[in-house]
Structures are given as C-alpha cells and as structure tokens.
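S.K.: Sharing a structure below in structure tokens format, with a few things to ask.
The values are calculated or read from the model by the stated rules, or taken from the named source; none is laboratory data. Since the model is a prediction, treat every value here as computed from it, not as a measurement. Note: ideal-geometry Cβ built from the backbone for every residue, glycine included; neighbour counts use all protein chains shown.
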C-alpha cells in the first residue's frame, strides 16, 4: 500500500499520485519503521525510506528543532543493541567523524540514540549522485574532469587525515558529486568511520581483511589492522579510483575476494594502454597514478594533496591547452538531479550524467544517405557532339529518347526500395504502419513507420518531466522511414565486423566474449554505430524520428506496465537482456524503452529544437554530444520514458549504450 502524506489516505501500490490532491504517493511505512518514527518523533519527522546497507537503513527526515532541515538519517540495525561495547565505539567514532568540518566532506549534524535506544546518525542531505553512478553511465572521464574531482576529494581527505581519521574504504560509491549554490561542482567524501565501525561490529581479528576488495590498499590486503593504517592507505585506494576514472576500468580483475588480495599484494597495475587501447592520456598523468599505487607505502605520496597537485600539474601538459576546469551546471545532462538522493547508503540508482561539456564540434556535413534526403536521379550518358546541327526531326528524336530515359529513371528511383526476399519494396506515404522486412546484410527485421504528426516532448500530465523535455511542441514527420524492430544485436554486429574487417569492442562483464548473440550490442561508439548503419544500408534515426516511433501512436511517455515493456533497474539484474523479450509498442517495436540507451543521429542541444513541417524535423548543426534516448537496464522508471533526452560524447564506450538503425534503408 501507498500513502499520501498530504491527506493521509492510502491507495494500492499501482497508484502513483493521490486522486484528491495530486501529491506523489509514498510506500506506507512498515511496522518497524513506524516504531522507529515514534522513537524519533521528538527530534525528527521521517519523510521516506531511501536505502538500506549492511549496517543500517537510511531515511530522508526533517530535523524539527532547526526549521525542519532535511537530513539523511542513518539508523543502525537494532541487533547491534545487544553489544554495549559497540554502542560505545559507535558514539566515539561518530563523534570523531563529526569533527571533520570541510566543504568536501559530508557534514555530520548529530549522533545519538532514539527513545528505544536505536543508534542513529543525522547527516547532511545531498542531491546529486555518486562517482560510481557517473562511471557506470559514462565510462572513462576526461583528464580535466578527473583532475577537478581528485583535487576536491583530496582536500576532504586531507582535512580528515590531519585529524588522524582514516577512511579505510575509499571507492567511487563514497565519493559524491553535487552542486553548490551557484551551480559549481562540489565533491563530497562520505562514509568516514563506517569501515572501522563495521570492523568492531564483527570483532575483526588480525588477518581478517576489511574493505572493498577491488579498492583496498596492499597493506590492507596483507591483513594490517585498521588501527595501524595511515593516510597512505587512503592514497592507494584513491589511486585505484583515479585509475578507474581515467581508463573506465579497474587495474585488477578477479573472480573472488582472495584473487583481489593476491593482486594487490603481488601484481603491478597494468599500463593504461593494456586495459584501454587507444586511450589518450599523457604519460606524466599516468606516472602520477602509478606512484600512488606502489606496494611500498613509503614510496607513495606523502599526502592526498600532493597526489592531486602532481596530477593537476601533469594534466596541464596536455598537447592542446585547456583552461582550468570548473564543471558547470550544464554538465548535469539528462537525467537531471533527482529530488532526493541519499548519502551514505547505496542502493544503485540510475545516475544523472555529470559531464564536462566538450568544445563545440565542427559543422558536420552529413552524407546524402545519412541526412535522409532523396537520392538524385542518375546523370544521363554524355551525348557525342556532332559537327553540324541535327535536323529538327533528329532533335525531336533525341528529345523523345531523353524524355523516355528520364521518365524511366524517375519511375525506377521512386519505386526502388529495400529488398524483402526476392522483392523490391518501398511503402509510400500513407501506407499502413507495421510493414516488416528482413535486411539481408545484418539479418535483422525493420519496420516501416508512415509519416504523421505528433507532440514531441513532455506529455500532458507527466509530472516526471525534466526541463530538457520542454516545451512540448508539434512535429511533422514528412517522410516515412524504416527503423529496427529491435536494437542491433551482438550477432548482427559480428556480421558487420566480419564483413568490414573491424574488431569487436571489448565485451562487458555480463556478456563475456560476446557469448550471447541475442543481446543488444553495447560498448560501441557513435561513429561505430553510424558505420554499422551505413553498412546495412541506412543511418541512425533522428531524434524526432526515434520519439515518433517510440511513442507507437501513443500520447503518453510510457505505454503499458513498465515491467511488461522494459528492462530497467528494478527488473534487469544490472545487465542487458535478449532483445524482443518484452511487449512491443503500437508500431511493433521492441525495447524502445529500457535495455540500452540508443545512439541517435543528432547533436544534442539543451534547447529543445523545433522543426519546420515543410522540411521535416532536423536537429542542430552542432552540440554538446550525440543524442541518446530510451533509458537502460540501470535507470529508474522516471528515466525510462519516450521523451527523456540525454547525450554522450561520441567516443564514449560503455555498457549501457546501444543503437538501432533506420532511415531510407536501401540495399543493393
């Protein structure tokens, strides 16, 4: 059941908004949560549940005594009440962490116990996303972005280290990206002291390793006790994080925690080019990261600030001088900041993309086939010049022949189309939707979408809309087009790679070595997607074509029950799935929502582009990156809607980016 906090009425789980006052409904509190709320009612009002971790649960709450200030309230598991020694350590550790007052460290407001003795920590409530979410969405970040994030994280760590406080569990999940009052990027380090509390809660003995295996320091891997660790352990973990930011990959990969421990103790991190071929990172930048990752902690940087300063200095040696980076608000590209995101929890959430807006690209002249323009009739053979003017009859004869040839050419080129079996077939404007052909090149099915009008952008009554979906406006699709019935699959991309001599991209963890050929292809750049579409005889769809096709004739941003039509973060198991396993939309298209974000032909422009009905919808001549639509396996329901707009740099190669082809498909 869900409850409306405005009128206190309850409704079934499938109702999103209160019929009385339009307020968004929230899950009704469990009995345990109701008891907790009663025990904290003198100081806090619980607003809603945010997430659950190994040691407790996090709620969004309002601190009553300070003007209903929003806080992230972390409530520890009640079973820990049975250990009085732990409660004492909790108070000491929380009090110690609360001494860190720095803009790059999450603020601790209070640590105490509720009326029933339940320990809790009230901390700064942040809006934004974790670095983990950014990396899952974008893969490798640019050197200036990495330098900016590292500088701020290092300042926060340094403030803690000066107080003798070691993090012990530094990883992308514990580096949070938010924004200040003027829209500037603010990096917050979170979860100080939690690793040490967790250690005491399970009575860790010497030799028991605590932390997150891919990110622990070599001394942690050897079993050094938490009390013996110092700032250099955090520097090693920070080096792992920076390595991952720059390459999009971890330096070590193992199937078991023990495998990670062995690598941290005995193996050197591979050079960047070994994990990310073709990556353009200055050698001086790579050297600074490798110094942070040496096994002997005496050979590492003396402080996190030293690490940040040296990397920033190396970054300034980039061949093309770039100005110092302060990531502006425009880098939060769809999905934009959520209304409420927890700090120090962390159920994975579909991240907003926080990116540095790249420089404006040069104007791109699209080839005829990619721009969707009709092909010109072939030139007639050149007529041989004769020495004397032809007679009138000869002239008329030549004119008649030429006219016949022209008319034949016009007829041929207006009727030639896509081969369907042994037929040449090209539906005309006004033909019924849903005609399907099998493309002989990639073996995939393509659906004919007839021309028509639709309202592009935020659907009426959709309260989940972002600013970039507005204003809603009418768009006319002047020419029908083909579009893939499904995203391009691994098997189809293998045919493309074999036919063109290209290499398959590196496979993601959930489809190792591209074993499953029915999954959508991912880890492809925009250029690779466009090259594939050109090979199969088409192009990437425009943004307007995609939304028109995705709506399937519906005026709503979603169609049907989301679980019936899309793979997203609540049903995907954090991976892609075979195409065409969910229900199709009104045009017979599968996976238009969820599974993978789809590369589109257009440049992204934050101002939602209008279009001329006389010319058909066209995107901007340049932009911040290439448009992506549809949401993915890692996104929440708000972001799995037909009008949600996002973008990535054309060279991004990540596990949630796929594509489908379309256009005026033509094969020989």
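S.K.: Which is more than 26 Å from the chain's Cα centre (by Cα) and either within 19 Å of residue 553 (Cβ to Cβ) or buried (at least 22 other Cβ atoms within 10 Å of the Cβ) (or both), of 452, 457, 484, 498?
M.R.: On the way: 457 fails: more than 26 Å from the chain's Cα centre (by Cα); 484 fails: more than 26 Å from the chain's Cα centre (by Cα); 498 fails: either within 19 Å of residue 553 (Cβ to Cβ) or buried (at least 22 other Cβ atoms within 10 Å of the Cβ) (or both).
Sole residue among the options that is more than 26 Å from the chain's Cα centre (by Cα) and either within 19 Å of residue 553 (Cβ to Cβ) or buried (at least 22 other Cβ atoms within 10 Å of the Cβ) (or both): 452.
S.K.: Collect the residues in region 264-274 that are surrounded by fewer than 19 Cβ atoms within 10 Å (Cβ to Cβ) and in contact with a helix residue (DSSP H, G or I) (Cβ under 6 Å, 6 or more places away or on another chain), keeping them in residue-number order. Please lay out each step first, then the result.
M.R.: Kept after step one, since they are surrounded by fewer than 19 Cβ atoms within 10 Å (Cβ to Cβ), are these residues of region 264-274: 265-268, 270-271, 273-274.
Once the filter is applied, which keeps residues that are surrounded by fewer than 19 Cβ atoms within 10 Å (Cβ to Cβ) and in contact with a helix residue (DSSP H, G or I) (Cβ under 6 Å, 6 or more places away or on another chain), region 264-274 yields only 265.
S.K.: Considering each of 232, 249 in turn, give the residue that is out of contact with any strand residue (DSSP E or B) (no Cβ under 9 Å at 6 or more places or on another chain) and not in a helix (DSSP H, G or I). Lay out the reasoning, then the answer.
M.R.: Details: 232 fails: not in a helix (DSSP H, G or I).
Exactly one of 232, 249 is out of contact with any strand residue (DSSP E or B) (no Cβ under 9 Å at 6 or more places or on another chain) and not in a helix (DSSP H, G or I), namely 249.
For (1) surrounded by fewer than 23 Cβ atoms within 10 Å (Cβ to Cβ); (2) part of a helix (DSSP H, G or I); (3) not assigned by TED's automatic domain parsing to the domain that holds residue 634, each residue gets a yes or a no:
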{"position": "136", "(1), (2), (3)": "yes, yes, yes"}
{"position": "141", "(1), (2), (3)": "no, no, yes"}
{"position": "144", "(1), (2), (3)": "yes, yes, yes"}
{"position": "150", "(1), (2), (3)": "no, yes, yes"}
{"position": "153", "(1), (2), (3)": "no, yes, yes"}
{"position": "156", "(1), (2), (3)": "no, yes, yes"}
{"position": "164", "(1), (2), (3)": "yes, no, yes"}
{"position": "168", "(1), (2), (3)": "no, no, yes"}
{"position": "176", "(1), (2), (3)": "no, no, yes"}
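S.K.: Do the conditions hold for residue 491, that is, is it surrounded by fewer than 21 Cβ atoms within 10 Å (Cβ to Cβ) and either touching a residue at least 24 places away in the same chain (Cβ under 8 Å) or in a strand (DSSP E or B) (or both)?
M.R.: yes
S.K.: Looking at (1) under 23 Å from residue 149 (Cα atoms); (2) assigned to a helix (DSSP H, G or I); (3) over 30 Å from the mean Cα position of the chain (by Cα), which one does residue 302 not meet, given that it meets all the others?
M.R.: Among (1) under 23 Å from residue 149 (Cα atoms); (2) assigned to a helix (DSSP H, G or I); (3) over 30 Å from the mean Cα position of the chain (by Cα), the lone unmet condition for residue 302 is (2).
S.K.: On the basis of being modelled with pLDDT under 90 and either under 40 Å from the mean Cα position of the chain (by Cα) or farther than 30 Å from residue 499 by Cα (or both), does residue 418 make the cut?
M.R.: Yes; evaluated as a whole, the condition is true for this residue.
S.K.: Starting from residues that are buried (at least 17 other Cβ atoms within 10 Å of the Cβ) and under 25 Å from residue 179 (Cα atoms), keep the ones in region 311-329 and report whichever is modelled with the lowest pLDDT.
M.R.: In this case the residue turns out to be 327.
S.K.: Pick out the one residue from 279, 261 that is within 21 Å of residue 136 (Cα to Cα), in the same structural domain as residue 160 (by TED's automatic domain parsing) and in contact with a helix residue (DSSP H, G or I) (Cβ under 6 Å, 6 or more places away or on another chain).
M.R.: Unique residue meeting the criteria: 279.
S.K.: Separate question: Provide a single number: the residues in region 630-644 that are farther than 22 Å from residue 246 by Cβ, touching a helix residue (DSSP H, G or I) at 6+ places or on another chain (Cβ under 8 Å) and surrounded by 24 or more Cβ atoms within 10 Å (Cβ to Cβ).
M.R.: The first filter runs over region 630-644 and keeps only residues farther than 22 Å from residue 246 by Cβ, leaving 630-633, 635-644.
Within this subset, residues satisfying the condition of being touching a helix residue (DSSP H, G or I) at 6+ places or on another chain (Cβ under 8 Å) are 630-631, 637, 640, 642-644.
Now drop any that are not surrounded by 24 or more Cβ atoms within 10 Å (Cβ to Cβ), which leaves 630-631, 640, 642-644.
Number satisfying all stated conditions: 6.
S.K.: Restricting to region 254-282, name every residue that is part of a helix (DSSP H, G or I) and under 17 Å from residue 144 (Cβ atoms).
M.R.: If the condition is that a residue be part of a helix (DSSP H, G or I) and under 17 Å from residue 144 (Cβ atoms), then 272 is the only one that fits.
Condition check ((1) closer than 18 Å to residue 467 by Cα; (2) modelled with pLDDT under 95) across all residues:
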site	(1), (2)
561	no, yes
569	no, yes
574	no, yes
579	no, no
583	no, yes
617	no, yes
638	yes, yes
649	no, yes
655	no, yes
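S.K.: Take the conditions buried (at least 19 other Cβ atoms within 10 Å of the Cβ) and either within 30 Å of the chain's Cα centre (by Cα) or modelled with pLDDT under 85 (or both) and apply them to residue 111. Does it pass?
M.R.: In short, yes.
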